[in-house]
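A short worksheet on the structure shown next.
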Amino acid sequence: MVRPLLRSGPRQHLVPTLTQVVKALEEVGEPDYSWRAQLMLHLVECLVDAGKGKEASSFAKATSDFIESHIPDLYPKIFSLQVRHKLFDFTKPPPKTEASPVLLVIYKMQKLKHKVDDVCEARKEDAARIKEIFLLLMHSAAAQSPVIARGSSPCLAESPSPIPPADRVAFLLELAFLALQLKHHQMAADCLRELKTAGDTVSGGQSQIIILSCLYIPYRVMQLCKHMHVN
């Protein structure tokens, strides 16, 4: 019954209730940290939707500390929220991105989205930023190979915690959609090509195929329009 209210828009009205629940769970020392973390993540988004930027920023920091201490696997989620909603100063990459390809991709992807939203138009430098993110994803895929080719970069061999396959597919889907929005057809094609080979290697393959098909249709339409324009 609550799930529909957690969508953007209605969830701003859940701030008082969720605040009380989160506080109560903290007071009784609820041992289910994963549940508490999920509620805290929802509360951050509720605060953002309610226009309470200062409170959202402060609570996001508390949520980040809680997750880092108890449920580190969820850290990319709170980090993504912080960057997406500008809940901290991200003019420079946070130190944590240096040791985590996942966080670095999230940071660069969300920062590019901010630039696109701000100018409302595609720019030449956006293609370079998309390619940079794409290469990060390719680099991480190569780092997962059990055999490192002789003569490969030392940085590749020592790459810390490569991006998990499921996360890599999710990032490629997001990047392909962003490239289509910005009309960078070649980068969209590169992402789609990688998705075709990577999509079958992770769970949830059927849903990935559906999303991939939805991305492929507008890509083909853009290609046909471009071809007609040239002729």
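We did not get these values from a lab; they are worked out from the coordinates using the rules stated. Everything quoted here is computed from the prediction, not taken from an experiment. Positions of Cβ are generated from backbone atoms using ideal geometry, with glycine treated the same way; all protein chains shown enter the neighbour counts.
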Q: Step through the residues of region 106-113 one at a time and calculate ³J(HN,Hα) from phi using the Karplus curve (6.51 cos²θ - 1.76 cosθ + 1.60, θ = phi - 60°), rounding each to whole Hz and writing x for Gly and Pro.
A: 4, 4, 5, 5, 5, 5, 5, 4
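Sorted from fewest to most neighbouring beta carbons within 10 Å, what does the list Phe66, Phe79 look like?
Ranking Phe66, Phe79 by Cβ neighbours within 10 Å, fewest first, gives Phe66, Phe79.
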**Q.** Cβ-based exposure ranking for Asp65, Asp190, in which fewest neighbours within 10 Å come first
**A.** Asp65, Asp190
(Q) Per 0.36 nm of contour for each residue apart, how much would the distance between Tyr33 and His114 grow if the chain were fully extended, relative to their Cα-Cα spacing? (A) 26.0 nm
Q | Links that overshoot a 20 Å alpha carbon limit, given the list Lys86/Lys108; Lys86/Lys111; Lys92/Lys115; Lys111/Lys183; Lys131/Lys196; Lys77/Lys131 | A | Lys77/Lys131
Q. If packing is taken as the mean number of other Cβ atoms within 10 Å per residue, what is the order of 93-101, 125-133, highest first?
A. 125-133, 93-101
